[in-house]
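What follows is a single structure, written as C-alpha cells, with notes after it.
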Amino acid sequence: MTELQEAREVAIGLGGAITDNSVGFIACFSDEPIAEHYLTLVEDYESLASEKHDRCVVTIIAASLM
C-alpha cells in the first residue's frame, strides 16, 4: 500500500469525509482536534505533504508540488 493510500485509510478511520483529487485528497473531520491529530499521524510520511485548514487537512503527493 502506498503512503497516500495509508494516509487515506487513517483519515477514514478517524471519521474523515474524503474528497479525492488528482494528486491526493482532502479529509474533513468533525472538529479541529481530530484534524490536528491526523496531521500528527501523517507528518512522517516522506512522500506526502499535508496542511491543515480549520477542520480539514489537504494531503497531496509531495512530488506534485514541483
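Out of 8, 55, I need the residue that is in contact with a Cys (Cβ under 8 Å, 6 or more places away or on another chain), modelled with pLDDT of 95 or more and open to solvent by 70 Å² or more (accessible area, probe 1.4 Å). Which one? Just a single option satisfies the conditions, and that option is 55. Considered as a group, the residues in the range 25-50 that are assigned to a strand (DSSP E or B) and of a type outside the set (Val, Ile, Thr) include one that is surrounded by the most Cβ atoms within 10 Å (Cβ to Cβ), and that residue is 27.
Residues that are without any contact (Cβ under 8 Å) to a residue 40 or more places away in the chain and touching a Ser or Thr at 6+ places or on another chain (Cβ under 6 Å) do not occur anywhere in the range 44-59.
Residues in the range 31-46 that are of a type in the set (Ser, Thr, Tyr) and modelled with pLDDT of 95 or more: 38, 40.
The values are calculated or read from the model by the stated rules, or taken from the named source; none is laboratory data. What you see is a predicted model; the values in this text were computed from it and never measured. For neighbour counting, all protein chains shown are included, and Cβ atoms are generated from backbone atoms with ideal geometry for every residue, glycine included. To get the accessible areas, we keep the full protein, side chains included, count just its heavy atoms, and leave off ligands, DNA and RNA. Shrake-Rupley method; radii C 1.70, N 1.55, O 1.52, S 1.80 Å.
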